[in-house]
Amino acid sequence: MPRIGWTFLAFASLSAMLFGAARGAEFEWTLEHARKQWEPMTKSVQNVGVPGCQWQVGVFWDGALLFGQTLLRGEAYRHPRLADEIALARLGDNMLHVSVGFGAQMRLLDRAGSNSPLIRKGLCEGRLPMPFVESRDGDLVWRETVFAHLLERKMEAGMEPRPDDVLVVQVKFTARNAGLSRRVGHLWLHFGDATKTRSASQQLPELAPALAHAYEAPFGMLEGKVRYAIPTPSRGQVRWHDGVPAPPGTIAPGKRVLEWEVPLAAGEQAELRLVLPYGLVEKEVAARAAALDYETLWQAVAKFWRSVVSGPCRIVTPDPWLNDYLAATAGQIAQQVGYRHKAKIWMLKTAPNWYEDYYLACAARALPSLDLRGLERYTRPVLQSMADFQSDDASGLMVNRAAKTAGIVGSEGYPRRPGYLCNFGPPGTAVPLGDPKQGWSANDSLMGHGLALHALAAHYRIARDGAWLGGGAGSKLQSILDACDWIAAQRKRTMREENGKKVPHWGLLPSASAHDWLSGNAIFNDAWCIYGMAEAVRMLWEIRHPRAEELAKELQDYRSCLSRSYAAARDGARRLPLDDGREIPFVPRMTNELDWARVDWTITGYGPLRAGGLGAFDPRNELVTQALAFLEAGRPSANDPQAREYFWRHYVETETHWPMDDVFLNRDDLPRFFELLFNNLAAAVHEDFRVGCEARNGVASCSPSDAERWRMIRNMFVREFGGYDGSEQSLWLMQALPRSWLKPGDRLSVEEMGTAFGGKIDLTVEVAGDGDSVAVDVEMKQLAVKPKEIRMRLRSGDGRPLASATVNGRTAAVRAGDLILLPATTDGAYRVVGGFR
């Protein structure tokens, strides 16, 4: 990912600094507290699309629309493989930026994204990926509503895509006179060249150069085809302007601009429709799209999205906004599943109109969140492509793609060996070393390999579909085995000596490209591969596969090598001085990166913590504890030795879409977890469009980040834990419910929640009106594997400890930490009542 946002943050993360209270019952973070620490983001972008269709359209904070390929680092980036897809779909020049203005003279209300009070925006019904933007122009209120559909195909048909599918964006502008006297409304539409827009999360102050279009009512013509259609409105007139004065705040006049002028009496309203195919189409096609009944179409699309976001799995908290966000994430993610027809690849995209390459790590990390929600119809095609494109060529790992350090990575290398999961080049060919953009892989990465392995194994554990897993050549089971064997074979290359001593990275994977600009023996490369391998080993034990024991031993050796290598690196690393004169250890993120002053903290400065969160290290390993202490202490500033620099602020990192929740839950560190949870929600989610970002003030929409946050909150209610060595796991219910959700009369629930044990769990929490007790109804439904242990935490809303508990009317022992144990079973319904002192 590009380096966007902060590099260093001169803020400590301890709540005591803000509230004068130590960690503990005296203070616990809430979303309300967290929102006071952050300025709201102002440049929200909501994408609209259809699951299965590879194209999406961005709706900007001010109602502008972006149709495009990939806009990256301020310039149009024309991906050669994307050009193939555009040619196959016969889209023509599909790059389009529609600017929306108001007033007697064209005025852009908030082009720069300053959170203008004249604009209100959100999602229809609070959770459907059908955004609206409401703008105020004096007494006139303009509401723009946008959604996408496939021409003359049902929304469900998107998952059976055709090369000639026509994605259509329907826009309705409603003008309402909220004043007491007659007013004349003016809506202005400018059709610009999207290559001059700057990026998918910014707009240049000036209007983009106008497309060479002509308005031949009701069609906007470009290159002999239709680029847009405006059905004749029932009120007002649509006028063509060869030119208009530069909108206030800009210097360039507008060219080829349309105006809708409509008189409105007090209380009256009128509507105008704008119909936009994704590319150029014939008149006959545009006429069919424009002739569709808008209300009927809107109802059909809304019904489809309700079925995605509202079921079958639900999470309900006492916070209505959060409930809408949790529901909305399903739609945000599902509409980024798309099929590349020319390449025959299914992928889950990261941020449409910005990243059109395939970031496999982001996709693979997000997929289990859909599986747990019972939305396998969106994950299985993507998983199938991972298996289909499994390769023996990992040469891309040897390419450092950063412009400033481009070249070949120094390493033992990666010889051809079947099983690698992160090469999405042309089928059956390698991605040329000198030309990484010939394939779809944004960057070959060990993280992508490990996460794809995890996604494949996790899908089976959640769905328990033996027919899907299969066996033998060409099966998903064989893909999983090959991916594990690939790791084992490549590890052997580093089991060597130099000058009679083992190399520092003995038993780890060879040095490789790690992300956009980092390469080396990065701890998180191995941590992610261990994470994927552990899930695969668990799956093999559960299906009683004959190779389970063999691969479990390989995994255990791998984990031991990782721990030994980084303990040795820590012992040889420069220690960090504290302000009081003491020194603490520095645990590096790479075996040869031994000076904390030279570490680039963006993205990967927390490598050891990531390893603890993934179980590559035991979460309470001293390396994890020491890494956390280092990051919380900060390091002396290079510019001001009296100041310190911090990697995060309230545990919100530079790239906000990889939160560190796992390590805090694995360590059962609720104070830090709640600080991270609520600050991440406050800092990194656009409240209006309910979509998470990649980085504040960077990429405005990043659907995998929404999967991460949904999973984080799901784990507060239902979480599998333990078994870091690939052995059996336990189940923790209600591990981390914040006290702010447990006030008198509060009700919380999860319905039809999938688990890695198979089956489903229903759970309802009701707090008594006086707050002195809590009642929980939980049902385990057809788990395929019995958890090693089932524990439940019963927290009070005011900090009082758990004093007593009953399970189905029988007294249950209360353990330290407000815990009780439930029978370890695959099926059962329990009524649990807890009382507080």
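The values are calculated or read from the model by the stated rules, or taken from the named source; none is laboratory data. This is a predicted model, so every value here is computed, not measured. Here the Cβ is made from the backbone with ideal geometry for all residues, glycine too, and neighbour counts use every protein chain on show. The accessibility values were calculated without ligands, DNA or RNA, using every heavy atom of the protein model including side chains. Shrake-Rupley method; radii C 1.70, N 1.55, O 1.52, S 1.80 Å.
Of all residues being among the hydroxyl-bearing types (Ser, Thr, Tyr) and open to solvent by 10 Å² or more (accessible area, probe 1.4 Å) in the stretch 72-123, which is modelled with the highest pLDDT? Just the residue, please. My answer is Ser116.
Among the residues of the stretch 415-442, those that are open to solvent by less than 20 Å² (accessible area, probe 1.4 Å), assigned to a loop (DSSP other than H, G, I, E, B) and modelled with pLDDT under 95 comprise Cys422, Asn423, Phe424, Gly425, Val431, Gly439, Trp440, Ala442.
Any residue at all in the stretch 565-588 that's under 28 Å from Ala452 (Cβ atoms), of a type outside the set (Gly, Ala, Ser) and open to solvent by 10 Å² or more (accessible area, probe 1.4 Å)? Scanning the stretch 565-588, I find no residue that is under 28 Å from Ala452 (Cβ atoms), of a type outside the set (Gly, Ala, Ser) and open to solvent by 10 Å² or more (accessible area, probe 1.4 Å), so the answer is no. For the stretch 650-664, the criterion of being of a type outside the set (Asp, Glu), at pLDDT 95 or above and part of a helix (DSSP H, G or I) is met by at least one residue. Within the stretch 451-496, the set of residues being small (Gly, Ala, Ser), open to solvent by less than 20 Å² (accessible area, probe 1.4 Å) and in contact with a Lys or Arg (Cβ under 9 Å, 6 or more places away or on another chain) comprises Ala455, Ala457.
Is it fair to say Phe630 is open to solvent by less than 30 Å² (accessible area, probe 1.4 Å) and outside any helix (DSSP H, G or I)? It is false that Phe630 is open to solvent by less than 30 Å² (accessible area, probe 1.4 Å) and outside any helix (DSSP H, G or I).
Out of the residues in the stretch 378-393 that are part of a helix (DSSP H, G or I) and either touching a helix residue (DSSP H, G or I) at 6+ places or on another chain (Cβ under 6 Å) or open to solvent by less than 20 Å² (accessible area, probe 1.4 Å) (or both), which is farthest from Ser703 (Cα to Cα)? Ranking the candidates gives Ala387 first. Scanning the stretch 156-180 for residues that are among the hydrophobic types (A, V, I, L, M, F, W, C) and surrounded by fewer than 21 Cβ atoms within 10 Å (Cβ to Cβ) returns Ala157, Met159, Ala178, Leu180. No other residue among Asp762, Asp770 is surrounded by fewer than 22 Cβ atoms within 10 Å (Cβ to Cβ) and within 29 Å of the chain's Cα centre (by Cα) apart from Asp762.
Applying a threshold of 6 Å to beta carbon distances and a minimum spacing of six or more residues, or different chains, the list of pairs starting in the stretch 474-497 at a residue that is of a type outside the set (A, V, I, L, M) and ending at one that is part of a helix (DSSP H, G or I) and open to solvent by less than 30 Å² (accessible area, probe 1.4 Å) reads Lys476/Ala387; Lys476/Leu456; Lys476/Leu469; Ser479/Ala387; Cys484/Met533; Cys484/Ala536; Cys484/Leu551. Can you say whether Leu207 is open to solvent by 10 Å² or more (accessible area, probe 1.4 Å) and touching a Ser or Thr at 6+ places or on another chain (Cβ under 7 Å), as far as the supplied structure shows? Answer is yes for this residue.
Filtering the stretch 517-552 to residues that are of a type in the set (Gly, Ala, Ser), more than 22 Å from the chain's Cα centre (by Cα) and part of a helix (DSSP H, G or I) leaves Ala534, Ala536, Ala548, Ala552. Candidates Trp468, Trp486, Trp506: the one that is under 25 Å from Gly572 (Cα atoms) and of a type in the set (Phe, Trp, Tyr) is Trp506.
Residues checked against (1) at pLDDT 95 or above; (2) more than 19 Å from Asp827 (Cβ to Cβ):
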site	(1), (2)
Asn697	no, yes
Ile713	yes, yes
Met716	yes, yes
Glu720	yes, no
Leu737	yes, yes
Arg747	yes, yes
Met780	yes, no
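For (1) small (Gly, Ala, Ser); (2) in a helix (DSSP H, G or I); (3) touching a Pro at 6+ places or on another chain (Cβ under 6 Å), each residue gets a yes or a no:
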{"residue": "Gly471", "(1), (2), (3)": "yes, no, no"}
{"residue": "Leu477", "(1), (2), (3)": "no, yes, no"}
{"residue": "Asp485", "(1), (2), (3)": "no, yes, no"}
{"residue": "Gln490", "(1), (2), (3)": "no, yes, no"}
{"residue": "Arg493", "(1), (2), (3)": "no, yes, yes"}
{"residue": "His505", "(1), (2), (3)": "no, no, no"}
{"residue": "Pro510", "(1), (2), (3)": "no, no, no"}
{"residue": "His515", "(1), (2), (3)": "no, no, no"}
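The single residue among Arg815, Arg810 that is touching a strand residue (DSSP E or B) at 6+ places or on another chain (Cβ under 8 Å) and open to solvent by 60 Å² or more (accessible area, probe 1.4 Å) turns out to be Arg815.
When every residue of the stretch 129-137 is checked against the conditions, at least one turns out to be under 18 Å from Leu65 (Cβ atoms) and of a type in the set (Ser, Thr, Tyr). Phe689 fulfils the conditions (1) at pLDDT below 95; (2) closer than 15 Å to Trp321 by Cα except for a single criterion, (1). The listed residues are Tyr339, Tyr325, and the only one of them that is aromatic (Phe, Trp, Tyr) and assigned to a strand (DSSP E or B) turns out to be Tyr339.
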